[in-house]
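Any read-out appearing in this document is the output of simple, stated calculations on the displayed coordinates, not a laboratory observation. From a predicted model like this one, the values you see are computed outputs, not experimental measurements. Here the Cβ is made from the backbone with ideal geometry for all residues, glycine too, and neighbour counts use every protein chain on show.
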Amino acid sequence: KSLKPRYRRILLKLSGEALGGQAGLGISPEAVHDMAQQIREVRELGVEVVIVIGGGNIFRGLAGSERGIERATGDYMGMLATVINSLALQDALEKLGVATRVQTAITMAQVAETFIRRRAVRHLEKGRVVIFGGGTGNPYFSTDTAAALRANEIGAEVILKATKVDGIYDSDPKKNSKAKRFNQISYLDALQKQLKVMDSTAFSLCMDNKMPIVVFDFFRPHNLKRVVLGENVGTLVTS
Ligand code: UDP
């Protein structure tokens with residue numbers, strides 16, 4: 001079996017919940033360590049890796065606004081949460097000997113670099129993993145949108161969306177034992193069938209720019225590597 005990666009440069013989208021481990025809340029050092037381990041595996045294949053992290057394990061703007069916090073304020077709180085997560089992942093990666101940089105969409109000079117596209121690309125060329133915190137830097141957006149935006153900007157070949165399920169199904173596999181997984185699906189089919197791959201803003205950005213998305217189960221050991229090696233894991237969304 002050849003170990004030639006299918007992709008040269010990937011963007012990995014991690015939800016905040018993933019860092020929270022089983023409970024999906026707060027930060028579980030074990031969960032973060034496991035993720036870092038998988039990221040190291042693909043770095044060892046020579047793949048350039050960019051990561052966009054969510055913040056749902058700490059705070060979501062929408063949930064805050066339902067409890068009386070102004071939406072935009074809650075969204076800024078959510079963006080700050082993604083920076084906390086970025087630092088946690090950076091720490092775990094560096095402990096495994098993986099060189100990293102964090103860049104944020106909201107300037108925080110004492111904590112991380114500010115997002116500068118050309119600088120991010122340079123880090124990648126030098127073999128560093130670049131973690132983008134702070135989402136897009138704008139309220140009313142999501143970290144999935146940040147993933148779609150950054151993937152296009154830095155020339156990633158694919159967005160690998162880490163989830164707890166091994167791809168996209170025609171119905172909820174938890175409720176329907178006969179639910180069928182798609183190996184591949186087109187953007188239009190996914191829209192027509194109302195399969196919620198990402199929020200509509202993020203999804204449109206991918207579709208309009210023909211950015212492929214792979215939805216896969218990141219909680220299985222070595223699964224990220226398997227996706228990168230082109231094994232039949234998860235669901236590929238493409239035109
Ligand atoms: N957020 C935002 N703008 C962005 C990205 C994120 O306002 O560009 C806020 C928003 O409130 C969101 C929170 O940050 O609820 C956490 O991000 P997200 O919900 O995407 O995280 P995930 O669901 O991936 O954990």
Over 18 Å (Cα to Cα) - which of Lys175/Lys196; Lys174/Lys196; Lys4/Lys225; Lys13/Lys178; Lys126/Lys225; Lys164/Lys225 fall in this group: Lys13/Lys178; Lys126/Lys225
Order of Ile154, Ile39 under a 10 Å beta carbon neighbour criterion, fewest first: Ile154, Ile39
Linear extension gain, Val111 paired with Gln37, 0.36 nm per residue minus alpha-carbon span: 24.3 nm
Cα gyration tensor shape of segment 1-113, rounded if a/c is under 1.5, else prolate or oblate by comparing a/b with b/c: prolate
In sequence order, calculated HN-Hα J values of segment 60-77 (Karplus, 6.51, -1.76, 1.60; Hz; x Gly/Pro): 10, x, 5, 4, x, 5, 5, 10, x, 8, 3, 4, 4, 4, x, 5, 5, 4
Cα-based Rg of the chain normalised by 2.2 N^0.38 Å, two decimals: 0.96
Which of Lys13, Lys174 has the fewest Cβ neighbours within 10 Å, and the rest in rising order: Lys174, Lys13
Most positive-pole-ward Cα, Ala190, Val50, Val228, against dipole of the chain from beta carbon charges: Val228
Förster radius 22 Å - calculated FRET efficiency between Leu87 and Lys126 (Cβ-Cβ, nearest 0.05): 0.60
Residues with amide H under 5 Å from that of Gly55, placed H, sequence gap 5 or more: Gly16
Cut-off 19 Å (backbone N to label point 7 Å along Cα→Cβ of Arg8), residues of segment 95-131: 118-130
Translational D in µm²/s for segment 1-64 (Stokes-Einstein at 20 °C, 1.002 mPa s, Kirkwood Rh from C-alpha pairs): 164
Footprinting exposure proxy for Tyr140, Tyr76 (fewest neighbouring C-beta atoms within 10 Å first): Tyr140, Tyr76
In order through segment 143-149: 3J(HN,Hα) via Karplus (6.51 cos²θ - 1.76 cosθ + 1.60), integer Hz, x for Gly, Pro: 6, 5, 5, 4, 4, 5, 5
From phi via Karplus (6.51, -1.76, 1.60), per-residue ³J(HN,Hα) for segment 213-230 in Hz, x at Gly/Pro: 10, 10, 9, 8, 7, 8, 8, 8, x, 6, 5, 4, 4, 5, 4, 5, 7, x
Interchain or long-range residues, amide H under 5 Å from Ala99's placed H: Val129
Spatial separation of Cα centroids for segment 178-239 and segment 14-90, in angstrom: 20
Full-stretch length increase - Thr201, His222 - with 0.36 nm per residue and alpha-carbon distance subtracted: 4.5 nm
Other-chain or far-sequence residues with amide H under 5 Å of Thr104's (modelled H): Glu113, Thr114, Phe115, Gly133
About the Cα centre, charge dipole magnitude for the chain (Lys/Arg +1, Asp/Glu -1 at Cβ), debye: 620
